[in-house]
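One structure below.
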Amino acid sequence: MASDAKTATSLWSGGGSPYAIGSKKFGMWLFIVSDMLTFTALLVAYTYLRMSTATWPTPFAFSPSIIFSTVMTLVLLSSSLTMVMAVHSMSHGDRGKTVKWILATMVFGSAFVILHMMEWMHLIRDEKVTPFSNPWGEPLFGATFFGITGLHMTHVTIGVIYLGIIAAGVGRGKFTYEDVEVSGLYWHFVDLVWMFVFPLIYLMSVKM
Amino acid sequence: MASHATHVHTPPSGFIRKYVFSLDHKVIGKQYYFLALFSVFLGMFLSVLMRFHMTYPDAKVSWFESLWPVGAPGGVMTPELYLSLMTMHGTIMVFFVLTTAPQAGFGNFFLPIQIGAEDMAFPVLNMLSFWTTFLALLVMCAAFFVEGGAPLGGWTAYAPLSALGESAGPGQGMGMNLWILSIALFCGASLMGAINFIATTIDLRVPGMTLMRMPLTCWAWFVTAILSLLGFAVLLSAGILLLMDRTAGSSFFLPAGLVVNDQILDHRGGSPLLWQHLFWFFGHPEVYIAILPGMGLASNVLSVFARKPIFGYKAMVYAILAIGFLGFVVWGHHMFISGMNPYTSIAFSIMTMAIGVPSAIKTFNWVGTLWGAQIRLTTAMLFALGFVSLFVSGGISGIFLGQPGLDLYLHDTYFVVGHFHMIMGVAAIFGMFSGTFFWFPKMFGRMMNETLGKIHFYLTFIGVYAIFTPMHVLGIVGNPRRYADYKTFEFMGQLLNVHTFMTHAAIFTAVVQVLFVINLFWSMKKGAKAPDNPWEATSLEWSIPSPPPFDNFGGKHLTVQHGPYEYAVPGKEKDHVMQVDPA
Ligand code: HEM
Ligand SMILES: [Cu+2]
């Protein structure tokens, strides 16, 4: 059949990756799809609870809360930029530069986690916010806040460790371009999740 | 091509690397199989205890007391113990048997071979996913031994019961925490497995193995993996929130004004319905995760032993895809009486009926495959036919349950128990039996005993219908589900005879399974040596030795020239054309 001849050469007819990407990268994409659903479920749960609560508090003052979290956002965004640079350097095979850019990404990532911890500490110690109570009423405010930002922070922390492993390997001449690219994918994904968390958790809780 | 070069490997030599922390998909597949085999017998043992209690609620059994000093004081089972047995039975069966053997067991062993690959795309991830599943099983079993024992809330772990601590009953303390932990681990393991299966199917097919030349088993494993990837991700979120409610004092699933043990709880703002939504968003796809591999397998086996191409291969593929998609939009049919807007009910009901269409397409195609065929009635074939029978029996009751008006009455009765045991429980198990008899020669290099196999089939087939058919009637009469003692209601006293019948049928069926175990282990040691292709089947696993060598194809570069079901092709003198035969 004529169509057989055609399929025999088509991308989907076997003998290689039809997406023209390595399996590792494809695997990371699949993980991202799955992890995106995990976060989506949390954000939907948050929306569901918030919509059904008439007295949901909006306690974050523009200054300092929103300014502080905006700085956190900028730090995280910068880390994505340095990650792009890392992948770019690796594409030219410049391992020394790649390691430096990954280290820069790790510094920004760690800075984000530290700032975030400071914010948590402030909320817990000074504002008395916990998963079961807060000074503004609805106890679920604290629960959703800590639950969602906590899971995100865990992802950033794991990402920093992951990048550390990649940097060490690249330095010793071990990992390939694909490995760096795949770690970059994860990193940008975690950054992207924050771009949903930030408006939904922070900007929608600005004190009017 | 590059992806093939990345995992060239030589067989490991040490015992640990070869059999314990093996990276070989065939060993991992067997590990999953035996994990599920252990679990299915544990689960069956629990179910026999439950059935025994239904019929003889006051019986004093001394070893009950030795096993559960608190749960069975004086040897009499308390309702709490009954509920914990029920919870563990359901959980172990759904997660560690139905989700494990058909997909991770057979799938691991045969997906790479059927598409011509040397191994899965990520062998290390594969090993990790098995050992994570193993750990999850250990944690689940540990729930029996902690203070308070195993949890009571059923495999669905409905809030608010599951979100409260010990105050809600024995087993709702540490036991429930372990349950959630185990399920969270299981989610992680399934996720790793799903990524592996999808990447393998997409990337590792040999030249010529187009998607539309894959055996239907591969299609089923592939779509099941997609369902796992999406479903377990959401269950993980639900688990995280539930664990927070229990350990951090939050109230995601706990509304205000809840009174437990005459005390108003200090929680407010949450919603038990939220748990139901999150759980069933996973839960309905989960029932297809359990059954799809069985459907793929049954299609395969029917075609092989009918010596005919599967009727409507393309329709079968599209039906699997349609079921996979529709499976995500029908979860509300489990919540018709949970307080749902009637319009929403109608929407969910219509979607649920819609899923009957691809299910019916599959059934008609199975029948079409059998039509006018010269059937070879092997044990594998008998179990595949049993699968179709059970699937139809359970599917029909599903249509009843999918009507909100009827479900109002039937929900939480034995009718539902009958429905899902027929269609998910036993049908999937028949799929596994069929798979075992079909693939045993390839997995272990020997043949199973057909006579013993057939006796086992007929007795089991009669047994399961005897257990589960009366349940539909009980449900229609109004016998509630998840109840430990029916004597409290007068009208149900009259139903005791039916319960007694089902209990005896259950004990009978459980005993019959000994035949299977004997057959399995005896054949492993003493069965006749299996030829490469004992069933004269066409897919790739039958073109290599039984059992397959370490790298499956001995480094040969295959090309596939044929579809998977070329039996009795007009104009060909051979009765079947192997996929690797020259064009
Ligand atoms: C035509 C197809 C089907 C329809 C219309 C259908 C419909 C339903 C409905 C409406 C319920 C909820 C009953 C209630 O709780 O009141 C239900 C329960 C259930 N179904 Fe199905 N179903 C179908 C196929 C399946 C399949 C293929 C499986 C598994 C392989 C399955 C497994 C289950 C399970 C496990 C439950 C009970 C869950 C629980 O409450 O523990 N169903 N089904
Ligand atoms: Cu359902």
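The values are calculated or read from the model by the stated rules, or taken from the named source; none is laboratory data. These numbers were taken from a predicted model, which means no experiment stands behind them. Using ideal geometry, Cβ is built from the backbone for each residue, glycine included, and neighbour counts are taken over all protein chains shown. These accessible areas exclude ligands, DNA and RNA; they are computed on the full protein's heavy atoms, side chains included. Shrake-Rupley method; radii C 1.70, N 1.55, O 1.52, S 1.80 Å.
Report note on the peptides A:42-50, B:482-490: ranked by the mean count of other C-beta atoms within 10 Å, highest first, their order is A:42-50, B:482-490.
Full extension of the chain between B:Ser389 and B:Asp58 yields a length gain of 115.5 nm, computed as 0.36 nm times the residue separation minus the alpha carbon distance.
Shielding of peptide A:140-151 by partners, expressed as the average count of other chain Cβ atoms within 10 Å per residue Cβ, is 4. The angle between the Cα long axis of helix B:313-326 and the longest principal axis of the Cα atoms of chain B comes to about 30 degrees, rounded to the nearest 10.
The charge dipole of the protein assembly as shown, taken about the Cα centre with unit charges on the Cβ atoms of Lys, Arg (+1) and Asp, Glu (-1), comes to about 1420 debye, rounded to the nearest 20. Hey, any idea what % of chain B's accessible area is carbon plus sulfur with a 1.4 Å probe? In chain B, the share of accessible area belonging to carbon and sulfur is 71 percent.
If one takes the longest principal axis of the Cα atoms in chain B, at what angle in degrees, from 0 to 90 and to the nearest 10, does the Cα axis of helix B:272-306 lie? The answer is roughly 30 degrees. Taking square-rooted eigenvalues a ≥ b ≥ c of the alpha carbon gyration tensor, is segment A:23-205 rounded, prolate or oblate, where a/c under 1.5 means rounded and, failing that, a/b exceeding b/c means prolate? Judged from the Cα gyration tensor, segment A:23-205 comes out prolate (a/c at least 1.5, a/b above b/c). Over all directions, the projected convex hull of the C-alpha atoms in segment A:7-71 averages 8.2 nm² in area.
Of the residues B:Gln103, B:Gln579, B:Tyr19, the one whose Cα sits farthest toward the positive end of the charge dipole of the protein assembly as shown, with +1 on the Cβ of Lys and Arg and -1 on the Cβ of Asp and Glu, is B:Gln579.
Sorted from largest to smallest, which semi-axis lengths in Å does the alpha carbon gyration tensor of segment A:146-208 give for its equivalent ellipsoid, taking the root of 5 times each eigenvalue?
Values: eigenvalues 200, 24, 10 Å².
Semi-axes, largest first: 32, 11, 7 Å.
Placing unit charges on the Cβ atoms only, positive for Lys and Arg and negative for Asp and Glu, gives segment B:1-111 a dipole magnitude near 420 debye about its Cα centre.
With the charge dipole of segment B:24-543 set up from +1 on Lys and Arg Cβ and -1 on Asp and Glu Cβ about the Cα centre, the Cα lying farthest toward the positive end among the listed residues B:Gly71, B:Ser250, B:Trp366 is that of B:Trp366.
Couplings 3J(HN,Hα) of segment A:82-87, computed from phi: 5, 5, 4, 5, 4, 5 Hz, in residue order, whole Hz [Karplus 6.51 cos²θ - 1.76 cosθ + 1.60, θ = phi - 60°; x for Gly and Pro].
In this rough spin-label picture, where each label sits 7 Å from Cα along the Cβ direction, the A:Thr40-B:Phe145 distance is 4.1 nm.
The angle between the Cα long axis of helix B:123-142 and the longest principal axis of the Cα atoms of chain B comes to about 30 degrees, rounded to the nearest 10. Placing +1 on the Cβ of every Lys and Arg and -1 on the Cβ of every Asp and Glu, with nothing else charged, gives segment A:23-205 a dipole about its Cα centre of roughly 400 debye.
Largest accessible area first, the residues A:Ile148, B:Ile337 order themselves as B:Ile337, A:Ile148 under a 1.4 Å probe with ligands, DNA and RNA left out.
Listed by chain and number, the aspartates and glutamates placed with their C-alpha closer than 18 angstrom to that of B:Lys525 are B:Glu450; residues fewer than eight positions away on the same chain are left out. Applying 1/(1 + (r/R0)^6) with R0 = 30 Å to the Cβ-Cβ distance of B:Asp485 and A:Ser52 gives a FRET efficiency near 0.20. Among the chymotrypsin sites (Phe, Trp or Tyr not before Pro) in segment B:84-167, those located in a DSSP loop and surrounded by at most 16 other Cβ atoms within 10 Å of their own Cβ are B:Phe145, B:Tyr158. With a 1.4 angstrom probe, the accessible area lost at the B-A interface totals about 3100 Å².
Given a 1.4 Å probe and the protein chains as shown, A:Trp56 ends up with an accessible area of around 30 Å². Label zone of B:Gln263 (point 7 Å out along Cα→Cβ, amide N under 19 Å): in segment A:121-140 this covers A:132-133. Scanning residues 5 or more positions from B:Thr413 or on other chains, those with amide H under 5 Å from its amide H are B:Arg481, with H placed 1.01 Å from N in the peptide plane. The solvent-accessible area of B:Thr378, taken with every protein chain present and a 1.4 Å probe, is close to 20 Å².
Ordered from longest to shortest, the equivalent ellipsoid semi-axes for segment B:24-543 are 36, 26, 24 Å, each the square root of 5 times a Cα gyration tensor eigenvalue. Each Cα pair under 8 Å and six or more residues apart adds its separation to the average, and for segment B:161-251 the resulting relative contact order is 42 percent. Here's how it looks for B:Arg446: its modeled amide H is under 5 Å from those of B:Ala530, which are all 5 or more places away or on a different chain. Annotation: B:Ser393 carries an accessible surface of approximately 40 Å², with a 1.4 Å probe and no ligand, DNA or RNA atoms counted. Protein heavy-atom accessible surface, 1.4 Å probe, per residue over the protein assembly as shown: 39 Å².
If you look for lysine pairs in chain A that are eight or more places apart or on different chains, how many of them have Cα atoms under 18 Å apart?
Working: A:Lys24/A:Lys174; A:Lys25/A:Lys174; A:Lys97/A:Lys174; A:Lys100/A:Lys174; A:Lys128/A:Lys207.
Pairs that pass both the separation and distance tests number 5.
Per residue of chain B, the DSSP helices (runs of n ≥ 4 H) give a summed -39500 (n - 2.57) that works out to -20000 deg cm²/dmol at 222 nm. Say a paramagnetic label sat at a point 7 Å from the Cα of B:Lys526, along Cα to Cβ; which residues of segment B:438-453 have their backbone N under 19 Å from it? The answer is B:441, B:444-453, whose backbone nitrogens lie closer than 19 Å to the label point. Principal axis extents of the C-alpha atoms in the protein assembly as shown (largest first, rounded to whole Å): 83, 78, 53.
Database remark: amide H of B:His576 closer than 5 angstrom to the amide H of B:Ala568 (H placed geometrically; neighbours at sequence offset of 5 or more, or on other chains; Pro and chain starts carry no H).
Structural descriptor for segment A:49-208: relative contact order 35 percent, calculated from alpha carbon pairs under 8 angstrom and at least 6 residues apart.
Model label points for B:Glu450 and B:Ser66, set 7 angstrom from Cα along the Cα-to-Cβ axis, are 4.5 nm apart. Ranking A:Trp29, B:Trp366 by solvent-accessible area of protein heavy atoms (1.4 Å probe, all protein chains present), from largest to smallest, gives A:Trp29, B:Trp366. Evaluate the distance, in nm, between pseudo-label points positioned 7 Å from the Cα of A:Glu127 and of B:Lys314 along their respective Cα→Cβ axes. Going by the 7 Å Cα→Cβ label model, 6.0 nm.
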